[in-house]
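Everything on this sheet refers to the single structure shown next.
The values are calculated or read from the model by the stated rules, or taken from the named source; none is laboratory data. What you are looking at is a predicted structure, and each value in this text was computed from that prediction instead of being measured. Ideal geometry is used to build each Cβ from the backbone, glycine not excepted, and the neighbour counts take in all protein chains shown.
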Amino acid sequence: MYPRKGDIMTYDLEFNKYLKSTMRHGKTLEIETNWHNSFITSHIGSKKISSIKKEDIDYIVNNVLHTKVKSKYGKDTDRYYKESTVKKILSLISRVIEHAIDNDRAYRNPCKKVKIGKKRQNRKVLADKPDVVNSELQFNKLRTAIDGLTPYQKAFMLLCLYGRRTSEAIAIRWDDIDFENMQYKAYIKKVDKTQYFEIYGDLADVLHFLKDNDMNDKEYVFKKKNGKFMTTTSITRKLRLSSGLPYFTVHYCRNILASYMSSKGIDITTIGDMLTHKNLKTTELYTTRDIEKSNRIAKELLDAN
């Protein structure tokens, strides 16, 4: 049914009616009101609820995707809003419009046509110079910074630097580690099977230290005695400050490893196996060209001729 003649209802007014009819309260009310004030009202707040178009919603979604999260002190951080948060904001707008439709103040919901495209992640390892990817430098910087962590944090980050995903490292139990043969097993969800990996260098030393000093849970390596699992936010902050590298997540370690191995001439199949990729096209996204090395090789070839 089309809106009744004379019914002029803006989005802001409809939003207030929606809050009252759904009896929003507490944290839910606070969050939805904050989203409304931060992203929605400035663009469609004064528009008639029945005249809102898909383009209006697209604009809001795109704006949220490119907005940096603010700290509790109101300053911009290095992080952007997650896709899940954008979906929740889109869902809020959709529910408000549906509320208008139920009350004959609108007749269509443009949110249903909106698709949230995933932000393309730039997986290239950042370098000191523009357009130059020196993966060996990045690897060494991170490796040195990891040495400054606590033994508990160091073991976790070394596993990630040697190719494990965060979820795979977290799930490792002491029973999964074979100190006699210097290897450990991990369940790889992406390929749905358990694989064995070697333990070498500092990783072996720090795991022995944790085991001998009884610093962790009896079952899981990265579960503390207080029952809580490892968290990574403070670790990445420490690494960023000590290494001078830009903001990154733990998954960044896999990017660095892939680029470093590629720069050393290791074939893409071996890199894919190390990272347990199911498809080599995924591995290609992680490997980057070392432009300095390419230029050096090209110069040597030219000079030889």
- Looking only at helices (runs of 4 or more DSSP H) that fall completely inside the stretch 17-120, which ones have 2 or more residues that are within 30 Å of residue 233 (Cα to Cα)? 26-35, 54-65, 83-102
- For the stretch 39-67, the count of residues that are surrounded by 14 or more Cβ atoms within 10 Å (Cβ to Cβ) and touching a residue at least 24 places away in the same chain (Cβ under 8 Å) equals 20
- Task: Any chance you could count how many residues in the stretch 11-29 are surrounded by fewer than 11 Cβ atoms within 10 Å (Cβ to Cβ) and of a type in the set (D, E, K, R)?
- Result: 2
- Please note which helices (runs of 4 or more DSSP H) are completely contained in the stretch 198-280 and include at least 1 residues that are more than 20 Å from residue 166 (Cα to Cα) and more than 24 Å from the chain's Cα centre (by Cα). 202-212, 252-263, 268-274
- Does residue 184 meet the test of being touching a strand residue (DSSP E or B) at 6+ places or on another chain (Cβ under 9 Å) and aromatic (Phe, Trp, Tyr)? yes
- Message: Checking residue 135 against (1) at pLDDT 90 or above; (2) closer than 15 Å to residue 254 by Cα; (3) polar (S, T, N, Q), only one condition comes out false. Which one?
- Response: (1)
- Query: What single numbered condition from (1) of a type outside the set (A, V, I, L, M); (2) modelled with pLDDT of 85 or more; (3) over 22 Å from residue 138 (Cβ atoms) fails to hold for residue 202?
  - Reply: (3)
- Item | Hits in the stretch 164-189 (condition: part of a loop (DSSP other than H, G, I, E, B) and surrounded by 20 or more Cβ atoms within 10 Å (Cβ to Cβ)) | 164, 165, 172
- Task: Could you tell me whether any residue of the stretch 117-125 is modelled with pLDDT of 90 or more and loosely packed, with under 14 Cβ neighbours inside 10 Å?
- Result: no
- residue 177 passes all but one of the listed conditions (1) at pLDDT 85 or above; (2) under 27 Å from the mean Cα position of the chain (by Cα); the exception is number (2)
- Message: Quick test of your reading of the structure: residue 149 fulfils all but one of (1) over 26 Å from residue 282 (Cα atoms); (2) at pLDDT below 90. Name the failing condition by number.
- Response: (2)
